[in-house]
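Participant: Just dropping this structure here.
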Amino acid sequence: MTDRPNTPVLDRVNLPSDLKALSDRELRQLADELRAETVSAVSVTGGHLGAGLGVVELTVALHAVFDSPRDKIIWDVGHQCYPHKILTGRRDRIRTLRMGGGLAGFTKRAESPYDPFGAGHSSTSISAALGFAVARDLGGDPGDAIAVIGDGAMSAGMAYEALNNAGHLGKRLFVILNDNEMSIAPPVGAMSSYLTRLYTQGPFQELKAVAKGAVGFLPEPLQEGARRAKEMLKGMTIGGTLFEELGFSYIGPVDGHDMEQLLPLLRTVKARATGPVLIHAVTKKGKGYAPAENAADCGHATGRFDPVTGIQAKAKSNAPSYTSVFARALIDEAGRDERIVGITAAMPDGTGLKQFAERFPRRSFDVGIAEQHAVTFSAGLAAGGLKPFCALYSTFLQRGYDQVVHDVAVQGLPVRFAIDRAGLVGQDGPTHAGAYDIAYLANLPGFVVMAAADEAELVHMVATAAAHDSGPIAFRFPRGEGTGIDLPDRGEVLPIGRGRIVAEGSGVALLSLGTRLAPALEAREALAARGIRPTVADARFAKPLDRDLILRLARSHQALITIEEGAVGGFGSHVAQLLADEGVFDGGLKFRSMVLPDRFVDHDAPMAMYDDSALNARHIEAKVLEVMGVGQLADRRA
């Protein structure tokens with residue numbers, strides 16, 4: 001085909017198969033156009049920008065060389081998959097990213113055959129790719145398996161478990177280590193330092209043709225000399241390559257933005273490799289878009305922005321975020337108690353621990369993408385006499401659940417779990433929804449589980465957790481802004497297992513856990529027009545339950561409705577167990593539990609997600625009318 005460098009190449013690409021007809025020169029042009037299209041799309045929708053910009057050339061090269069969807073390209077986490085989506089038949093929908101009914105912000109099997117494995121959390125790609133490779137060799141789907149994993153995701157133990165198993169099995173498998181020295185926060189730990197040394201020390205630069213390690217791909221007469229040079233080089237620098245010790249053929253470091261390196265390298269390994277191969281590609285997060293390159297997080301996550309200037313549209317804010325309230329409350333408590341320490345897993349900004357670290361650097365620990373370690377490390381800190389606050393998103397705490405049970409709960413250690421992003425989180429969708437922590441923590445003996453109804457309650461719960469030394473304690477709070485309520489000067493220590501009456505009424509009692517309290521009060525106002533004035537209570541604690549409050553509400557009302565931002569099996573289920581054990585149902589009490597639906601709720605704006613889940617004020621109002629036999633509430637959609 002004749003090169004047409006002035007013709008938009010991207011307009012000729014609908015599927016990866018179209019790349020096969022392009023020259024290398026056109027592929028380079030395609031990468032430039034793909035980067036511009038990614039910036040343009042994310043400026044409209046917001047989303048994860050920097051990671052995608054960093055793998056534009058890798059994306060083009062992989063799709064040009066391999067044959068997806070027959071070959072399985074598996075993107076770890078999925079933050080970087082936007083360019084991939086553009087090249088795989090979804091360009092016409094790319095400006096619906098993370099919107100209701102639109103494209104998901106991560107890879108998703110149900111969305112496209114070019115997404116062979118869904119993601120959202122990190123460090124899963126090598127395990128999944130090995131699964132595809134073994135399935136292929138046992139008669140399953142044909143084709144190669146290629147995992148693209150970032151250096152930040154390599155800080156998780158699961159990645160090493162997969163590497164170890166893959167090296168042992170010896171299956172043909174490709175791992176692309178996308179080394180941009182940046183996950184969400186700057187990477188931490190010995191592995192990050194090791195990768196940095198691989199490409200910054202002098203001998204690698206002087207002998208980089210040898211350092212690529214592609215000895216087996218050289219003509220036979222050159223292989224023996226190259227092997228000797230390679231061994232000498234390794235002895236001069238790091239004393240052996242970790243990945244080769246695990247059974248991989250290590251190739252790299254290579255420039256992940258240089259198509260003249262990537263294309264021939266990928267073509268060669270595809271043609272010649274027989275076992276597992278790791279290609280170490282050095283990239284730059286945010287590459288090619290100055291506002292992202294110059295940002296502290298390299299444009300990791302952004303709202304809508306001006307594509308020319310990179311300036312984000314500022315959302316109107318009338319209240320502080322729950323995360324910022326938590327950070328200030330923790331800093332306040334730590335100023336009075338030097339035993340308080342903060343732990344997070346590669347999310348200092350997202351959890352508010354960045355502010356804590358600025359004030360107390362010696363008492364702040366970012367352990368990398370290693371939630372299991374974060375939990376057990378916190379348990380060790382607690383056993384050592386400190387007061388650890390382990391700050392994780394609800395959905396990320398799931399990754400350390402065995403450690404929560406085995407290392408914290410069984411030993412009764414006073415680890416404080418600050419659970420951010422509780423409930424539905426909006427555009428990140430089901431992989432990031434904090435739907436299960438009430439259920440998976442409240443079933444553990446000796447655990448205290450709290451949920452803040454507003455930001456003032458959150459301040460009190462931080463103080464309560466700081467003062468609680470008799471066992472593990474957790475408090476959950478949602479993403480986004482608070483209610484705008486006045487904050488206390490200092491948090492009060494709450495009586496463990498005691499809720500509060502917010503509004504006295506009769507007939508029906510609404511018992512809320514967490515931030516559904518505001519919709520419950522809104523529903524009460526609407527019901528007042530019908531002469532119905534429910535009692536509204538804030539449970540505060542999912543465990544231990546406030547038995548006195550619950551039984552009083554149950555015995556003095558005809559109906560009791562619990563409301564929570566969690567899945568079935570949580571607060572409402574514990575209340576139902578209590579009522580059954582106490583024989584309250586024998587007296588004819590009507591009980592209903594409003595929980596998240598028994599399905600994964602697709603990404604959308606948070607209010608729309610709660611509408612889909614039937615947990616907004618109008619749904620609470622309808623539930624009250626239904627339980628009282630008033631009839632169906634007219635549909636009054638907001």
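The values are calculated or read from the model by the stated rules, or taken from the named source; none is laboratory data. Predicted model only: the values in this text are computed from it and were never measured. Every residue, glycine as well, gets a Cβ built from its backbone with ideal geometry; the counts of neighbours run over all protein chains shown.
Participant: I'm trying to understand the selection: among the residues of the stretch 392-419, which are assigned to a helix (DSSP H, G or I), surrounded by fewer than 21 Cβ atoms within 10 Å (Cβ to Cβ) and touching a residue at least 60 places away in the same chain (Cβ under 8 Å)?
Facilitator: Ala409
Participant: How many residues are under 18 Å from Gln398 (Cβ atoms) and in a loop (DSSP other than H, G, I, E, B) if we restrict to the stretch 118-146?
Facilitator: Looking only at that region, the number is 7.
Participant: Out of curiosity, is Ala580 farther than 30 Å from Leu97 by Cβ, small (Gly, Ala, Ser), free of Cβ contacts under 8 Å to residues at least 40 places away in the same chain and part of a helix (DSSP H, G or I)?
Facilitator: Considered against the rule, which asks whether it is farther than 30 Å from Leu97 by Cβ, small (Gly, Ala, Ser), free of Cβ contacts under 8 Å to residues at least 40 places away in the same chain and part of a helix (DSSP H, G or I), Ala580 comes out as yes.
Participant: Check off (1) among the hydrophobic types (A, V, I, L, M, F, W, C); (2) in contact with a strand residue (DSSP E or B) (Cβ under 8 Å, 6 or more places away or on another chain); (3) buried (at least 22 other Cβ atoms within 10 Å of the Cβ) for Leu527 and give me the number that stays unchecked.
Facilitator: (2)
Participant: Next up: I'd like the residue in the stretch 361-391 that is in a strand (DSSP E or B) and in contact (Cβ under 8 Å) with a residue 24 or more places away in the chain and, out of all such residues, is surrounded by the most Cβ atoms within 10 Å (Cβ to Cβ).
Facilitator: Filtering first and then ranking leaves Cys390.
Participant: Would you tally the residues in the stretch 261-290 being under 24 Å from the mean Cα position of the chain (by Cα) and without any contact (Cβ under 8 Å) to a residue 60 or more places away in the chain?
Facilitator: 0
Participant: Ok, one more. How many residues, within the stretch 53-102, are assigned to a helix (DSSP H, G or I) and either more than 23 Å from Asp255 (Cβ to Cβ) or of a type in the set (Lys, Arg) (or both)?
Facilitator: Looking only at that region, the number is 10.
Participant: Still on this structure, please answer the following. So Ser573 ticks every box in (1) farther than 23 Å from Glu504 by Cβ; (2) modelled with pLDDT of 95 or more; (3) out of contact with any helix residue (DSSP H, G or I) (no Cβ under 8 Å at 6 or more places or on another chain) but one. Which box is left unticked?
Facilitator: Looking at each condition in turn, Ser573 falls short on (3).
Participant: So which residues in the stretch 451-488 are modelled with pLDDT of 95 or more and acidic (Asp, Glu)?
Facilitator: Once the filter is applied, which keeps residues that are modelled with pLDDT of 95 or more and acidic (Asp, Glu), the stretch 451-488 yields Asp454, Glu455, Glu457, Asp469.
Participant: Of all residues in the stretch 147-171 being over 17 Å from Arg399 (Cβ atoms) and either surrounded by fewer than 16 Cβ atoms within 10 Å (Cβ to Cβ) or among the hydroxyl-bearing types (Ser, Thr, Tyr) (or both), which is nearest to the chain's Cα centre (by Cα)?
Facilitator: Asn164
Participant: Could I ask something else about it? List the pairs whose first member sits in the stretch 61-75 and is closer than 9 Å to Ile146 by Cα, whose second member is part of a helix (DSSP H, G or I), and whose Cβ atoms are under 6 Å apart, counting only residues at least 6 apart or on separate chains?
Facilitator: Listed pairs, sorted by first residue: Lys72/Phe132; Ile73/Leu62; Ile74/Ser125; Ile74/Ala128; Ile74/Ala129.
Participant: Still on this structure, I have one more. So, in the stretch 366-392, exactly how many residues are within 22 Å of Ala156 (Cβ to Cβ) and out of contact with any helix residue (DSSP H, G or I) (no Cβ under 7 Å at 6 or more places or on another chain)?
Facilitator: Number satisfying all stated conditions: 5.
Participant: State yes or no: is Ala537 crowded, with 24+ Cβ neighbours inside 10 Å, in a strand (DSSP E or B) and touching a helix residue (DSSP H, G or I) at 6+ places or on another chain (Cβ under 6 Å)?
Facilitator: So Ala537 does not fit the description; no.
Participant: Quick one: in the stretch 72-109, which of the residues that are farther than 13 Å from Gln427 by Cβ and among the basic types (Lys, Arg) is surrounded by the fewest Cβ atoms within 10 Å (Cβ to Cβ)?
Facilitator: Among them, the one singled out is Arg109.
Participant: Which ones in the stretch 20-33 are hydrophobic (A, V, I, L, M, F, W, C) and buried (at least 19 other Cβ atoms within 10 Å of the Cβ)?
Facilitator: Leu22, Leu27, Leu30, Ala31
Participant: Going by the structure shown, is Ile532 modelled with pLDDT of 95 or more, not in a loop (DSSP other than H, G, I, E, B) and not polar (S, T, N, Q)?
Facilitator: No.
Participant: Hey, another quick one. Restrict the check to the stretch 305-319 and report whether at least one residue is of a type in the set (D, E, K, R) and more than 26 Å from Glu457 (Cβ to Cβ).
Facilitator: Yes, that holds for at least one residue.
Participant: If we scan the stretch 1-19, do we find a residue that is within 30 Å of Thr309 (Cβ to Cβ), modelled with pLDDT of 95 or more, surrounded by 13 or more Cβ atoms within 10 Å (Cβ to Cβ) and of a type in the set (Lys, Arg)?
Facilitator: no
Participant: Of the residues Leu444, Leu458, only one is over 22 Å from the mean Cα position of the chain (by Cα), of a type outside the set (Gly, Ala, Ser) and surrounded by fewer than 21 Cβ atoms within 10 Å (Cβ to Cβ); which?
Facilitator: Leu444
Participant: Sticking with this one: In the stretch 483-490, is there at least one residue being surrounded by 16 or more Cβ atoms within 10 Å (Cβ to Cβ) and of a type in the set (Gly, Ala, Ser)?
Facilitator: Checked the stretch 483-490: no residue is surrounded by 16 or more Cβ atoms within 10 Å (Cβ to Cβ) and of a type in the set (Gly, Ala, Ser).
Participant: Now a separate question. Of all residues in the stretch 312-351 being assigned to a loop (DSSP other than H, G, I, E, B) and without any contact (Cβ under 8 Å) to a residue 12 or more places away in the chain, which is farthest from the chain's Cα centre (by Cα)?
Facilitator: For the stretch 312-351, the residue satisfying everything is Lys316.
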